[in-house]
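I have placed the structure first, in the form of structure tokens, so that the comments after it can refer back to it.
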Amino acid sequence: MKFRVDNTALLIAIVASFLLALNAVLGFVLTNQSKAAMKSLFQNRVLDIANTAAAMINGDELKALRAEDKDTPAYRRINDTLTYFQDNIDLDYIYCIQAVGEKEFVFSVDPTVEDPGVFGEPIVYTEALYKASKGTPAVDDESYVDAWGSFYSAYSPVFDSEGNVAGIVAVDFSASWYDAQIDKQMQTIIICMAVSLLLCVLLVLFVTRHLRQRVNDMTKDLQHALEIAQSGSRAKTAFLSSVSHEIRTPMNAIIGLNHIALENPNLPPETREQFKKIGASAKHLLSIINDILDVSRIESGRTVLKNEEFAFNNVIEQVNVIIGSQCRDKGLIYDCRAQAVANDYYIGDSVKIKQVLINILGNAVKFTPKGGTVTLQIEKTAEFDRKTTLKFTIKDTGIGMSEDYIPKIFDAFSRENDSAQNQYGSTGLGMAITKGIVDLLNGQISVESTKGVGTTFTVVITLTRAEPDAAAHPPAQETIDIPISTADLNGRRILLAEDVEVNAEIIKEVLKMRGMLVEHAENGQIAVDMFSAQPSGYYDAILMDMQMPVLNGLEATKRIRSLDRTDAKKIPIIALTANAFDEDVQRSMQAGMNSHLSKPIEPDTIYRTLEKLISSQM
């Protein structure tokens, strides 16, 4: 019996010693992993703050600041922007830096009330600061010490209108929080090891519980970090949505008035050309706004892929119509080879596939001189169990890219720093959007280019083939066929709900060009009252703005649809709105609207939509 007890005790001691050593190893590993995870989350948080602040500062104004400019409007605007972040986010310091030499930096604008950095006073040099001065946002890997204490800093470059680094936004967070978290982790591990030594018999259960607790703690930390990231993403989306709405509203007036002016047959030729240039510039600005929204949605993970049946031939036809027209206008040769897949039907997001192809082909057209060639080749590379892998090869004989620039081509706002490149006016967002969409499609994209010879992009995606019966009847929304019959708009009575007077006047003029009669309601409640006051069938369609006082467009639509009269359920209601996100379209459809048109709206688009919807009610 004693032998058994001794052996048991020895076994327990051996097992306890082994598990203690194992616990020590695990503790060391977990401490390092926790340290790395916390450091990564910490760096991402401060870098997001620095990037957001940098994006809100005018680089030209920052670059021009001098010490004596402290009371100028430009200085105050920058100072107020930094003060907003300092007052609303739990951070120690935020300020601007300017480079005065290759690795020499000084304070610029510092909104700190007590003991601010003096304009022109030297800044402690770090490698992250140097990277930011070259145009790449960065965070210090190690803390540094200056007159204000020990800090980790994030640095984000501020660019001027020419794309050069005009200054740097620095965000400081005290290193004490990070060090305290690490100390807390070490204390936890030491306590666990001591408990394991004292409770050898229950060591296995204790270690299991301990590990579970550690995993739960890490999960909570990650969940907390995720909540912070999601909160930031929601704020960013709300900000971009608001900016988009505020910009699109005057853009609608510019494009609408420009279109009306061009309809004047007595317009002098020189003035007509000037109006055309205004229209082209407005559309270019609109494309930039759309690109920024696309990048934001992809980065925040809010982009949702559709999963619908579509005819591949329709996708290629629409791409060829757009790119073929661009090539003809520029004097290029366009060649599309897609016979092997022309008659196939697939399940996926045809809109996103078209966007990828148009983005790449559009760049090929832009950077290929007159007389050059742009080629699109599509081929199947593999088929298995209803899955088909397609390879898209886009080749041009354009100006090409340098070997050093190719790794950066998919970075947002990336443009090759070359005088020949700058003349094309690229925003540097198209390829970032394209890469994001290809990643969402679980595809691959690669590029080969030679300066002065041309560029070849290769995109590989895998799609699910549609069932034969389903493919025989592709969805109507995937085609561009013109309806067999459309309604005559002349004499049609339209109810327009729009609170912005200039927008209302423009839309009324546009509709009157086609002989329509327009009655205007200044808000949603008036629109409901006007519709209710007229007999059934009095109005042929309703154009409804979304953001209006008293009653918004969504609520007005719901009230009209709920009226007890024959035309309330079927009258076409079309959203005319500056809200351009996918969820805005979804809310419009759920409220009972028939279509959603984002401002600024092309007159032909309004005409086609009204013709189609009014015809469907006849």
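The values are calculated or read from the model by the stated rules, or taken from the named source; none is laboratory data. Computed from a prediction, not measured in an experiment: that's the story for all the values here. Note that we place each Cβ from the backbone using ideal geometry, even for glycine, and neighbour counts take in every protein chain shown. Surface areas here come from the heavy atoms of the whole protein model, side chains and all, with no ligands, DNA or RNA. Shrake-Rupley method; radii C 1.70, N 1.55, O 1.52, S 1.80 Å.
General remarks:
- Taking other residues whose beta carbon is less than 14 angstrom from the beta carbon of Asn79, and scoring Lys, Arg as +1 and Asp, Glu as -1, yields -3.
- With the convex hull drawn over the C-alpha atoms of the range 315-356, the volume per residue is 72 Å³.
- Accessible area of Asp411 (1.4 Å probe, protein heavy atoms only, ligands and nucleic acids ignored): about 80 Å².
- Cα centre as origin, Lys/Arg/Asp/Glu Cβ charges: the range 93-142 dipole, Debye: 300
- Modelled label positions at Leu22 and Gln547, each set 7 Å beyond Cα in the direction of Cβ, lie 6.0 nm from each other.
- With a Förster radius of 30 Å applied to the C-beta separation of Thr112 and Val29, the computed FRET efficiency comes to 0.15.
- Extension gain, Thr566-Glu127: 0.36 nm per intervening residue step, less the Cα-Cα distance, totals 150.9 nm.
- If R0 is taken as 45 Å, the Cβ-Cβ distance between Asn307 and Glu68 corresponds to a FRET efficiency of 0.15.
- Long pairs among Lys370/Lys391; Lys220/Lys558; Lys134/Lys330; Lys63/Lys276; Lys184/Lys408, criterion Cα-Cα beyond 31 Å: Lys220/Lys558; Lys134/Lys330; Lys63/Lys276; Lys184/Lys408
- Simple spin-label estimate for Lys391 and Asp80 in nanometres, 7 Å along Cα-Cβ: 5.8
- Rounded if a/c under 1.5, otherwise prolate or oblate - the range 508-561, Cα gyration tensor axes: oblate
- Heavy-atom accessible surface of Glu522, to the nearest 10 Å², is about 90 Å², with a 1.4 Å probe and all protein chains retained.
- Taking 0.36 nm per residue of separation and subtracting the current Cα-Cα distance, fully stretching the chain between Glu162 and Ser150 would add 0.8 nm.
- Relative intensity, log₁₀ I(q)/I(0), of the range 486-588 from a Debye sum that treats every alpha carbon as a point, q = 0.09 Å⁻¹: -0.20
- Using a simple spin-label model with pseudo-atoms 7 Å out from Cα toward Cβ, Gln223 and Thr458 lie 4.5 nm apart.
- Prolate/oblate/rounded call for the range 39-139, Cα gyration tensor, a/c under 1.5 rounded: oblate
- Listed residues Glu498, Glu308 arranged by accessible area, highest first, probe 1.4 Å: Glu308, Glu498
- Nearby aspartates and glutamates by direct alpha-carbon distance to Lys366 (threshold 13 angstrom, same-chain neighbours under 8 apart not counted): Asp329, Asp396
- Gained length - Lys39 relative to Met513, 0.36 nm times residue gap less alpha-carbon distance: 164.4 nm
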